[in-house]
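Chemist: This is the structure I want to talk about, given as structure tokens.
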Amino acid sequence: MRKQIINKESQDASQADQGWLDLQQLTQVELTSEDADHPIEAALVSNNGSGWRAAQGGEQTIRFSFDTPIQLSRIRLVFNEEHHVRTQEFALQWLSEGMQHYQQLVRQQYNFSPPTSMQEVEDYRVNLDRVTVLELRIVPDIGGGETRATLTKIQLS
């Protein structure tokens, strides 16, 4: 086994090399719910495998409001499901400075079938200018039920 102790500056440099935005510093996050053991910060930090989880079942919304308008060129989402067979739907929409109505980017469904199909990775190349809000809506099981929404990771650049 190889180990290396890294300091905060090394971690920041590593994130900068990837070009990912520091969402904890650049946004205010609004959520419909949050499990105390799986806060949204866990989906924003690199190499933290726990991710975010809703406190209750049903549709959930995660809204990122940027402190100043930004340009987005890439959106990467990672979802994991290790226990329940289900069909999840998510939608991404955004607001640009001066806009009054959300513009939908994508609406996607995915079938989780553990143990063979447990991860969904969506990586979108976009050209969004003057973004003030990015909103993610998750329906964890379109068939209903009390399955809780999860988001392992979200990265923006």
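Chemist: Hey, among the residues in segment 85-133 that are among the charged types (D, E, K, R) and open to solvent by 50 Å² or more (accessible area, probe 1.4 Å), which one's nearest to L31 (Cα to Cα)?
Modeler: Once the filter is applied, the top-ranked residue is R107.
Chemist: For F112, only one of the following conditions fails: (1) at pLDDT 95 or above; (2) over 14 Å from L156 (Cα atoms); (3) among the aromatic types (F, W, Y). What is its number?
Modeler: (1) is the only condition that F112 fails.
Chemist: Also: Could you list all residues from segment 95-107 that are in contact (Cβ under 8 Å) with a residue 24 or more places away in the chain and closer than 16 Å to D123 by Cα?
Modeler: Matches in segment 95-107: L105 only.
Chemist: Which of the residues that make up segment 46-64 are surrounded by 15 or more Cβ atoms within 10 Å (Cβ to Cβ) and over 23 Å from F112 (Cα atoms)?
Modeler: R63, F64
Chemist: Residue under question is Q155, and the condition is that it be crowded, with 18+ Cβ neighbours inside 10 Å and either in a strand (DSSP E or B) or free of Cβ contacts under 8 Å to residues at least 12 places away in the same chain (or both); does it hold?
Modeler: Spelling it out, Q155 is indeed crowded, with 18+ Cβ neighbours inside 10 Å and either in a strand (DSSP E or B) or free of Cβ contacts under 8 Å to residues at least 12 places away in the same chain (or both).
Chemist: Under 6 Å by Cβ, and 6 or more places apart or on different chains, what pairs join a residue from segment 72-89 that is modelled with pLDDT of 95 or more and outside any loop (DSSP other than H, G, I, E, B) with one that is surrounded by 14 or more Cβ atoms within 10 Å (Cβ to Cβ) and of a type in the set (K, R)?
Modeler: What qualifies is V78/K153.
Chemist: Can you name the residue in segment 115-152 that is of a type in the set (S, T, Y), under 20 Å from R63 (Cα atoms) and in a strand (DSSP E or B) and is also modelled with the lowest pLDDT among such residues?
Modeler: T150
The values are calculated or read from the model by the stated rules, or taken from the named source; none is laboratory data. What you are looking at is a predicted structure, and each value in this text was computed from that prediction instead of being measured. Methodologically, a virtual Cβ is constructed for each residue, glycine included, from the backbone with ideal geometry; neighbour enumeration extends over all protein chains shown. In case anyone asks, the SASA skips ligands and DNA or RNA and just uses the protein heavy atoms, side chains included. Shrake-Rupley method; radii C 1.70, N 1.55, O 1.52, S 1.80 Å.
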